[in-house]
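The next block holds one structure in the form of structure tokens; read it before the comments.
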Amino acid sequence: MRLSKYVKFREEKFGGVLFETRSEKVFTLNAVAAAVVREINTGCDEDELVKRLKERYQDRDGSIERESRAFVADMRQKGLVQD
Amino acid sequence: MTGQAAIAAGKVLASESIRAESADLGAPLYVAWQVTNECNLACLHCIEESGPGKAFKDELGREQVFDILGQFMDQQIPYLSFSGGEPMVHPQFFDMVEYVCSRGAELKIETNGHFLTPENCARLKELGVKAVQVSLDGATRSTFNRMRVRGEFSTATDGIRNLRAAGVPIEINYSPTCFNVHEIGAAIDLAHELGAYSFYTGRTMYTGNAVKAWHKLALTEEQYVEFFDTLHRKTEEYRGRMRVHFHEMGLLEELRYRLHHPAALLIVLPNGLVKLINALPFICGDLRRQSLAEIWANFQRAWQDPRVAQFIDDLSDDPGKTSTLHQWVYV
């Protein structure tokens, strides 16, 4: 999985921003969403991404997995990532 | 996890571009750089008063240009545009394009289309520009050539065809006047036929060259109503095939919004001065003497300067104040 061709990511104090430069839409990201994008930028697939984040955030109640998968699905639906 | 802001650009409204709000961001998201004021054309409505021999006397030199570009890339500005004047007449144009694209930022070129030879288009494709926006203010030679003094409709449309042949994404920009407004529908059709993926328009501003030529350009409100009706219709007609972007909002409304929600956008002039927004005369920095970080910090503060709010208030009483946008005020 990777960010789509015209999508740019930048870290910010609050998390990050995703900028879809073709449509000129900007998405502000919280810290967890920014961590998802950082993992996407390593080139890993969704399952590996979720595994890494669950470990990093000690996901005891499954909320990190749910949020991460929902966010990835949202990005796919918006055309921000490609498999 | 996400909150969306944003959208819209184009050169017609100076209030153009990225609506992501600037507070809390470490740097701008978009830099619109007018790389030179020199232009091969002398368009009736040009907001920058560009034209042959109109380069600023103090335009940035090569070393300054690349020092500034280096700062932009180091600060991870994801999106830049080069405009003018005519950016393609800048002596370092292709070197600048190559530098920005090689550092991973997206770059849009805003041009009058008169230098889009097959070779130049192939070079732009090779370097990886995000898009080239061509000004095409008419669907016929007679309206285009009337507006674009010294310009030639067929040169611009041939240039667009060359972009398409090279595989460069195309945007079209259209400034309405009383003598081309009836062609808006045909111009959108032509843009699609030429392979554009986006079409931008809005209200033409009373500033720059337009002040002198206003009696030849001005539309009535009735004409604008019909213009926007056509745009709404064409937006639907081309949905999924080409995006039709336009600002229906008047300049005053837009500026009042911006006063409280500044866009994450810096406008850089050919001499390195930085404007708050194109439609205001305020300068918030000088890239020849200040770092981008300093200017970005001042940008946030400058929007709070009472003179900015006062200027916008005054515009409601005197819309003609936009004719003073080139009389810079430092804030």
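Which pairs do you get when a residue that is within 17 Å of B:L60 (Cβ to Cβ) and touching a residue at least 60 places away in the same chain (Cβ under 8 Å), found in segment B:24-40, comes within reach of a residue that is part of a strand (DSSP E or B) and of a type in the set (D, E, K, R), reach meaning Cβ atoms under 6 angstrom, with the pair 6+ apart or on two chains?
Close Cβ pairs satisfying both conditions: none exist.
Can you give me the number of residues within segment B:218-245 that are among the hydrophobic types (A, V, I, L, M, F, W, C) and within 14 Å of chain A (Cβ to nearest Cβ)? Write out each step before concluding.
Quick first cut of segment B:218-245, residues among the hydrophobic types (A, V, I, L, M, F, W, C) only: B:218-219, B:225, B:227-228, B:231, B:242, B:244.
Add one more test, that the residue is within 14 Å of chain A (Cβ to nearest Cβ), and what stays is B:242, B:244.
Number of matching residues: 2.
Got at least one residue in segment B:244-252 being assigned to a helix (DSSP H, G or I) and at pLDDT below 95? Steps first, answer last, please.
Filtering segment B:244-252 down to residues assigned to a helix (DSSP H, G or I) leaves B:251-252.
From the residues that got through so far, the ones that are at pLDDT below 95 too are B:251-252.
Yes: one or more hits.
Considering B:R243, B:R258, B:R233, which residue is crowded, with 20+ Cβ neighbours inside 10 Å and either of a type outside the set (D, E) or out of contact with any Cys (no Cβ under 9 Å at 6 or more places or on another chain) (or both)? Step through it out loud before you land on a result.
Working: B:R243 fails: crowded, with 20+ Cβ neighbours inside 10 Å; B:R233 fails: crowded, with 20+ Cβ neighbours inside 10 Å.
Checking each option against the conditions leaves just B:R258.
Based on what the data block shows, is B:L287 surrounded by fewer than 18 Cβ atoms within 10 Å (Cβ to Cβ) and in contact (Cβ under 8 Å) with a residue 60 or more places away in the chain?
On the way: surrounded by fewer than 18 Cβ atoms within 10 Å (Cβ to Cβ): no; in contact (Cβ under 8 Å) with a residue 60 or more places away in the chain: yes.
No, not satisfied.
Just the residues that are in a helix (DSSP H, G or I), over 15 Å from A:M1 (Cβ atoms) and in contact (Cβ under 8 Å) with a residue 24 or more places away in the chain, please, taken from segment A:47-68.
The initial filter retains those residues of segment A:47-68 that are in a helix (DSSP H, G or I), namely A:47-56, A:63-68.
From the residues that got through so far, the ones that are over 15 Å from A:M1 (Cβ atoms) too are A:54-56, A:63-67.
Listed by number, the residues that qualify are A:I64, A:E67.
Which helices (runs of 4 or more DSSP H) does segment B:58-177 wholly contain that include 2 or more residues that are at positive phi, surrounded by fewer than 22 Cβ atoms within 10 Å (Cβ to Cβ) and hydrophobic (A, V, I, L, M, F, W, C)?
Numbers: elements: B:62-74, B:93-102, B:118-127, B:141-147, B:153-166.
It comes to none.
Scan segment A:21-44 and tell me whether some residue there is away from every other protein chain (no Cβ under 14 Å), farther than 25 Å from B:V168 by Cα and in contact (Cβ under 8 Å) with a residue 40 or more places away in the chain.
Start the filter on segment A:21-44 by keeping residues that are away from every other protein chain (no Cβ under 14 Å), which leaves A:42-44.
Narrowing the set further to residues that are farther than 25 Å from B:V168 by Cα leaves A:42-44.
Those left that are additionally in contact (Cβ under 8 Å) with a residue 40 or more places away in the chain: A:43-44.
Scanning segment A:21-44, I find at least one residue that is away from every other protein chain (no Cβ under 14 Å), farther than 25 Å from B:V168 by Cα and in contact (Cβ under 8 Å) with a residue 40 or more places away in the chain, so the answer is yes.
Quick check on B:F66: is it modelled with pLDDT of 95 or more, farther than 16 Å from B:I267 by Cβ and not hydroxyl-bearing (S, T, Y)?
yes
In this structure, is B:K216 surrounded by fewer than 19 Cβ atoms within 10 Å (Cβ to Cβ) and either in a helix (DSSP H, G or I) or within 19 Å of the chain's Cα centre (by Cα) (or both)? Steps first, answer last, please.
Working: surrounded by fewer than 19 Cβ atoms within 10 Å (Cβ to Cβ): yes; either in a helix (DSSP H, G or I) or within 19 Å of the chain's Cα centre (by Cα) (or both): yes.
Yes; evaluated as a whole, the condition is true for this residue.
Please specify each residue of segment A:1-12 satisfying the condition of being in a loop (DSSP other than H, G, I, E, B) and either under 17 Å from B:Y197 (Cα atoms) or facing chain B (nearest Cβ under 7 Å) (or both).
Keep residues of segment A:1-12 that are in a loop (DSSP other than H, G, I, E, B), which gives A:1, A:4-6.
Across segment A:1-12, the qualifying residues are A:K5, A:Y6.
Against the definition (facing chain B (nearest Cβ under 8 Å), within 30 Å of B:I172 (Cβ to Cβ) and either in contact with a Gly (Cβ under 9 Å, 6 or more places away or on another chain) or free of Cβ contacts under 8 Å to residues at least 60 places away in the same chain (or both)), how does A:F71 come out, yes or no? Don't jump to the end; show me each part of the working.
Working: facing chain B (nearest Cβ under 8 Å): yes; within 30 Å of B:I172 (Cβ to Cβ): no; either in contact with a Gly (Cβ under 9 Å, 6 or more places away or on another chain) or free of Cβ contacts under 8 Å to residues at least 60 places away in the same chain (or both): yes.
No; evaluated as a whole, the condition is false for this residue.
The values are calculated or read from the model by the stated rules, or taken from the named source; none is laboratory data. Being a predicted model, the structure only gives us computed values, none of them experimental. Glycine gets a Cβ as well: all are built from the backbone with ideal geometry, and neighbour counts include every protein chain shown.
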